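Asker: Sending over a structure as structure tokens; questions will come in a sec.
The values are calculated or read from the model by the stated rules, or taken from the named source; none is laboratory data. Computed from a predicted structure; not experimentally measured. We place every Cβ from the backbone using ideal geometry, glycine too, and count neighbours over all the protein chains shown.
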Amino acid sequence: MASDIKITVQDRFGRKCASSGSKWEPILGYSRAVRSGNVIAVTGCVGVNADGSYTPSVEAQARRSLQIIQAAIEALGGKMQQVIRTRMYVTDVSKWQEVAKAHGEVFGEIRPATTIVEVPRLIDDAALIEIEADALIA
């Protein structure tokens, strides 16, 4: 996990909510991830670097998104091996093999259900991918 990803956890209405400090979390009113019972839902994560920049590679952005997801899941007591579903939104689906490489490095043995779809744009024009994840904690 990248050491520059800082996750804080708060109890809210009987659930554990993780925050990455994203500028969008308080504006839109959401958590990076929420744990309710044995379920962790991670909101869409773009591959933004700690300084707010984006690398121009969708593969590198996918890796960064997955690092943020891992940090959120672990902060809530889960493991990547417990991920049962991912959803990937990309701005250019023709680059799916780059995305698949990064996703496969993390989930090649885990094999969660997954979806990849093309969207016209994401919350930041420099963002090329956004990834969501759901985990079931045994």
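To keep it simple, each residue is scored yes or no on (1) over 21 Å from residue 138 (Cα atoms); (2) touching a Phe, Trp or Tyr at 6+ places or on another chain (Cβ under 7 Å); (3) modelled with pLDDT under 95.
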position	(1), (2), (3)
4	yes, no, yes
8	yes, no, no
19	yes, no, no
23	yes, no, yes
27	yes, no, yes
31	yes, no, no
36	no, no, no
41	no, no, no
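Asker: A further question follows. Which of the residues belonging to the stretch 1-46 are under 20 Å from residue 124 (Cα atoms), charged (D, E, K, R) and free of Cβ contacts under 8 Å to residues at least 40 places away in the same chain?
Answerer: Result: 23, 25.
Condition check ((1) within 17 Å of residue 87 (Cα to Cα); (2) of a type in the set (Val, Ile, Thr); (3) out of contact with any Cys (no Cβ under 8 Å at 6 or more places or on another chain)) across all residues:
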{"position": "9", "(1), (2), (3)": "no, yes, no"}
{"position": "40", "(1), (2), (3)": "yes, yes, yes"}
{"position": "51", "(1), (2), (3)": "no, no, yes"}
{"position": "54", "(1), (2), (3)": "no, no, yes"}
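Asker: Just give me the residues in the stretch 89-121 being in a loop (DSSP other than H, G, I, E, B), surrounded by fewer than 14 Cβ atoms within 10 Å (Cβ to Cβ) and of a type outside the set (A, V, I, L, M, F, W, C), in sequence order.
Answerer: Those that are in a loop (DSSP other than H, G, I, E, B), surrounded by fewer than 14 Cβ atoms within 10 Å (Cβ to Cβ) and of a type outside the set (A, V, I, L, M, F, W, C): 92, 108, 109, 111, 120, 121.
Asker: I've got another one for you. Hey, among the residues in the stretch 122-138 that are in a loop (DSSP other than H, G, I, E, B) and closer than 19 Å to residue 60 by Cβ, which one's modelled with the lowest pLDDT?
Answerer: Within the stretch 122-138, the subset in a loop (DSSP other than H, G, I, E, B) is 122-128, 137-138.
Cutting the leftovers down to closer than 19 Å to residue 60 by Cβ gives us 122-128.
On the way: 122: 97, 123: 92, 124: 95, 125: 96, 126: 98, 127: 98, 128: 98.
The qualifying residue modelled with the lowest pLDDT is 123.
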